[in-house]
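Structure first, commentary second.
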Amino acid sequence: MVHITSQLFVLAALITSSCALHLSKRSTAADVEADLKNISTQVTTLDNAINSFPSTCSLILALAIHSDAAPLISAINQATTDTNDVSPAPLSEDNGAAIITQVQGIQPIIIDALKRINLSEATSALEAGLIAAVPADILANATAIQTAINAAFSSACATYGSGC
């Protein structure tokens, strides 16, 4: 009985010390910079997939775009966690400048990807064509659909900024 109790005590001590080490570890500027490198890689992969899509228009490439988005979301979430937990806060001038430089490098790639997946113009043209083509007795339904879609675009544009 004493042997089992002492083993449980040792196990509990190991778990407690492991948790304490994990809780005491803060993110560093180097962690954030590594996260941003990962984001750069992931967003470049996604942007390349988006750029190749219009020329081939295949279901496989559409699925690749979807598959490329998941690791990017994970990378962004990890960077957010590390940035919110960075120590020391605020960062030093050198670390802050290095991180801003990395983000400036990613910015045009993100903007390109967002511009290429902006469906507003194409959708507006389709809406106008469909509304012009439907019989008068169902025009109200078509207009209601158009209004709902346009409201969703307005909400997305408000979230992501101008250029929609």
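Couple of notes before you dig in:
- Summed side-chain charge close to Thr81 - residues other than Thr81 whose Cβ falls under 15 Å, Lys, Arg +1, Asp, Glu -1: -3
- With a cut-off of 15 Å between beta carbons, the residues surrounding Ile65 carry a summed charge of -1, where Lys and Arg count +1 and Asp and Glu -1.
- A simple count of charges around Ala30, restricted to other residues whose Cβ falls under 15 Å of its Cβ and scoring Lys, Arg +1 and Asp, Glu -1, yields -3.
- Taking 0.36 nm per residue of sequence separation and removing the Cα-Cα distance, the Ile149/Asn77 pair yields an extension gain of 23.1 nm.
Values quoted throughout were computed directly from the atomic coordinates according to the rules given, and no laboratory measurement underlies them. Owing to the predicted nature of the structure, the values given are computational and were not obtained by experimental measurement. No Cβ is skipped: glycine too gets one built from the backbone with ideal geometry, and neighbour counts run over all protein chains shown.
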